[in-house]
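The values are calculated or read from the model by the stated rules, or taken from the named source; none is laboratory data. The structure displayed is predicted, hence computed values, not measured ones. Note: ideal-geometry Cβ built from the backbone for every residue, glycine included; neighbour counts use all protein chains shown. Just the protein is used for accessible areas: all its heavy atoms, side chains included, with ligands, DNA and RNA removed. Shrake-Rupley method; radii C 1.70, N 1.55, O 1.52, S 1.80 Å.
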Amino acid sequence: MSMIPDKPPFKLLDILYKKEFILFVVLITILIINSNLTPYFLDLYNLIDSTFLFSEKAIIALTMTFVIIARQIDLSVASIIAVSSVVLGYTTSLGYDTWLVISLTLLSGALCGAFNGAIITKFAIPSIIVTIGTMSLFRGLAYSFLEDSYYNKFPKIVSNLGSGYLFGYIPYAFLTFILLALVFAFILHKTTVGKKIFSIGNNPDAAQYTGIAVDKYTFVLFTLNGLFSAIAAIFLSGRLSSVRPNIAFGWELEIITMVVLGGVYIYGGSGSILGVVISIFILGMLSFGLGLLNVPGVGIIIFTGLLLILSIGFPSFVRTLRRKNE
Amino acid sequence: MKKILINRDFILFSIILIGLIGVGFANPLFITPKSISDVLTDTSILIILALSQMIVILIRAIDLSVASNLALSGMLISLLSTVHPELPVYYFIALSCLIGTFLGVLNGISIAILKVPFIVTTLGTLSIYRGLIYFVSDGKQVYSNEFSEDFLALIHVKFLSLSFLFWLAVAVFIVIYILLNHTRFGRNLYSLGGNPDAAKYIGINENKYIIMAYSLSGFFAGLCGYLWVARYSVASTQIAIGFELTVISACVVGGISVMGGVGTVLGCVLGALLIGLIRNALPAVDISQFWQLAISGAIILLAIIINTKTEQRKEKTIMVEN
C-alpha cells in the first residue's frame, strides 16, 4: 500500500489559484517579449493562424486532463490518431458516404480507447505500462496496414474542418477546442461527475468504498480519450491533407506536457481546465514566437522538455526548502 | 516462490527453443551456427540495456531516456573521433560511459531531489537528450569513412567464433547477476521495490538508490552508445529512436514486474533473447518488417497480462494459507 498524503482543502485552493495566476503572468510575459522581438507577432491574422499549430493537441489535452486527474496516464493517444487517420483514409478510398466515414473514424478511436480501458480495469495493470504496449500496437497496426504508402483523399467536409474558418476568421479546430474546453470545465468543476473524478484521483480505494464505480469511470475516461484522439485525427488529416503511418509522432509527450504544465498533478487528484488552457496558450505562443525568430523545431523540443521538468521540479524544490526551514 | 520463478525462466527458455525450431522448419538457413551467432550479436545491445533497465524497474521506476542517452553519447564520441582520430578506442569507450553516466545522474537528481516523478523526468529528458543531438551535430551524420579504423575494429574482434558484442553482453550479465544477487546493493534494491515504506524504515536511503540506479542505467546507455555507433558505423540524430520501448518490453517479457521488487536476471536476458529472436525471425519467415511494431506491441501486452495474472494468483494462494 502506498501512502497517500492528506491535503488540507484551504491550502490546496490557495496553491491552485496561485498556479493559474503564475501561468497567466508567464503567458503575458511571453506575449510581450514576442511582440517586442518581432513585429510580425502581433499581426491578427498571424495570431489566429498560429492556433492551427496546437488546436488538435489541445483537444486531446482536455480529456487527458481528466485521465491524469483520475490518477491514470495514456501514452497511446498519438498512435490512436494514426489508427483513426488510416481508417479515415481507407473508408474514403472505399467511396463510403461522408457521414459513415466520419462515424467509422470516431468509432475506431473510441474502440482503441476502450481497449486500453478494458485491459487496465479488467486485469488491474498500471495504465502507463498498458499504454506503452498499445502505443506500439496501434502505431504498428497503422504501419502494417499502410506500409510505405499514404492517403491523400478525404471528404470535402474533413478538408474544410481541418483548414477552414468560421466567418472567415475563426479556425474550426480552434473553435471546437474552445467550446469543448467550456464544456469540460463545467463538467469537471461544477458537476458531481467532476467531483467523483477528483476523489478517484485523490484516493481510488476510498472512492471505491464510498460507492464510486472507479473501474467504470476509468474505462469511460480512456474511451473518451480515444474518441477525442479520433476527433483530432479528423482535423489533422484535413489540415495536412495526407496521412502516413508516422502521423502525429511524439505527440503524446507534447499533450502530457500541456496538461502537467497547466498544474495538473501527475499522480492525480488536483488540477483545473483553466490552468491547462493557459498552459496550452503558453506553449503555443512560445513555439509560434520561436518559429518567427527562426529557432529550429529542435530548440522548441529541448525547451518543452526543460519546461516540463522545471515546472514540476521548481515548485517541489521550493516546498522542500521551506519545509526544511520550518 | 523461488521454484515458480525458476519455472518461469524455464518456460521462457522452452518458448525460445520451440520458436527457434519452428522458424528452422520454415527456413533451415535460420538455424545454421552462423545465423544464430548473428542473432546473438544483434541482440547483445538489447540484452545489456534490458539488464540495466531492470535495475531501474526493480525500484518501481522506468527510464524512458535510455535510447536518447545512447544516441547522444554515441554522437558526442563520434564527433570527437572525427576531430581526433588518433585517440585510442578505449578512450572513446570510457568517455561514452562517462557521458552516459552523467546524463543518468541528471535523471536521478531530478527524480530523487527535485521530486519530479520518474515518468515526467524521463519523458522530458527523452526529448531533451534527443534534441541536443541535433544541437551538437547540426543535424548532420557521421559516416563510416569518417571514423578511425581503430574505432571500428574492436567490434569485429571474435573469440571462439562469437562476436565481441556477445562476450560483452555475457560479461555484463555476470556483473549484474552478482550485483543483484550477492551484494547488499542488490538486496536493498529488491526490498525498496518490494516495499518502499518498509525499506525506508529499516534505514535504506531511497534517494541514494534512485540516483545510483539511474546512473547505472545511464552508464550502460553510454556504453551502448559506443557499441551502437561502432556496430552500424554511423552516428545520426535518428539512431535507436524508440528503442527504449523495445528494452522495456524485453524486461516485461522477461518477467520483471513493473510493480517493483520482482524479477530475475536470467529472466531478463531470456526476455531480451525472445524479442531479439522475433525481430530477426520475421524476415526469415517472410513477414513484412511493417508488422514488427504491431507484433512487439501485442507481445508486450500479452506478457504483462500473463505476468499480472500469475502474480495475482500467487497473492491469492498466500492469503488462503494464512
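The helices (runs of 4 or more DSSP H) located wholly in the stretch B:142-241 that include 2 or more residues which are under 18 Å from residue B:94 (Cβ atoms) occupy B:149-153, B:164-182, B:206-232. Take the residues in the stretch A:120-168 that are on the phi > 0 side of the Ramachandran plot and more than 8 Å from chain B (Cβ to nearest Cβ), then tell me which one is most open to solvent (accessible area, probe 1.4 Å). Once the filter is applied, the top-ranked residue is A:167. Total residues in the stretch A:228-252 satisfying the condition of being within 12 Å of residue A:57 (Cβ to Cβ), buried (at least 20 other Cβ atoms within 10 Å of the Cβ) and within 13 Å of chain B (Cβ to nearest Cβ): the figure is 2.
Could you tell me which of the residues B:122, B:43 is of a type outside the set (A, V, I, L, M, F, W, C) and either surrounded by fewer than 18 Cβ atoms within 10 Å (Cβ to Cβ) or within 23 Å of residue A:266 (Cα to Cα) (or both)? The unique qualifying residue is B:122. Pairs meeting the criteria (first residue in the stretch B:146-175 and over 18 Å from residue B:270 (Cβ atoms), second residue of a type in the set (Lys, Arg) and not in a helix (DSSP H, G or I), beta carbons under 8 Å, at least 6 apart or on different chains) are B:164/B:158. The set of residues in the stretch A:132-152 being assigned to a helix (DSSP H, G or I), modelled with pLDDT under 90 and among the polar types (S, T, N, Q) consists of A:136, A:144. If you check B:258, B:234, B:229 for being among the β-branched types (Val, Ile, Thr), modelled with pLDDT under 85 and more than 26 Å from residue B:304 (Cα to Cα), only one passes: B:234. Yes or no: residue B:235 open to solvent by 40 Å² or more (accessible area, probe 1.4 Å), of a type in the set (Gly, Ala, Ser) and over 13 Å from the mean Cα position of the chain (by Cα)? No. Hey, any hits in the stretch B:219-230 for a residue that's within 14 Å of another protein chain (Cβ to nearest Cβ), among the aliphatic types (A, V, I, L, M) and under 13 Å from the mean Cα position of the chain (by Cα)? No, every residue in the stretch B:219-230 fails to be within 14 Å of another protein chain (Cβ to nearest Cβ), among the aliphatic types (A, V, I, L, M) and under 13 Å from the mean Cα position of the chain (by Cα). Put simply, of B:82, B:32 the only residue that is farther than 23 Å from residue B:299 by Cα, modelled with pLDDT under 85, open to solvent by less than 60 Å² (accessible area, probe 1.4 Å) and in contact with a helix residue (DSSP H, G or I) (Cβ under 6 Å, 6 or more places away or on another chain) is B:82. Given the structure, is residue B:131 open to solvent by less than 30 Å² (accessible area, probe 1.4 Å), part of a helix (DSSP H, G or I), free of Cβ contacts under 8 Å to residues at least 12 places away in the same chain and out of contact with any Leu (no Cβ under 9 Å at 6 or more places or on another chain)? When the stated conditions are applied, residue B:131 passes them.
The residues of the stretch B:169-220 that are under 22 Å from residue B:248 (Cα atoms), among the β-branched types (Val, Ile, Thr) and open to solvent by less than 30 Å² (accessible area, probe 1.4 Å), listed by number, are B:172, B:176, B:210. For residue A:185, state whether it is more than 14 Å from chain B (Cβ to nearest Cβ), surrounded by 16 or more Cβ atoms within 10 Å (Cβ to Cβ) and under 20 Å from the mean Cα position of the chain (by Cα). In short, yes. Annotation: of all residues in the stretch A:282-326 being hydroxyl-bearing (Ser, Thr, Tyr) and crowded, with 21+ Cβ neighbours inside 10 Å, the one that is farthest from the other protein chains (Cβ to nearest Cβ) is A:287. Counting only helices (runs of 4 or more DSSP H) that fall entirely inside the stretch B:1-104 and contain at least 2 residues that are within 17 Å of residue B:254 (Cβ to Cβ) and not polar (S, T, N, Q), the qualifying elements are B:2-26, B:33-58. The residue that is nearest to residue B:32 (Cα to Cα), counting only those in the stretch B:260-274 that are open to solvent by less than 10 Å² (accessible area, probe 1.4 Å) and among the aliphatic types (A, V, I, L, M), is B:272.
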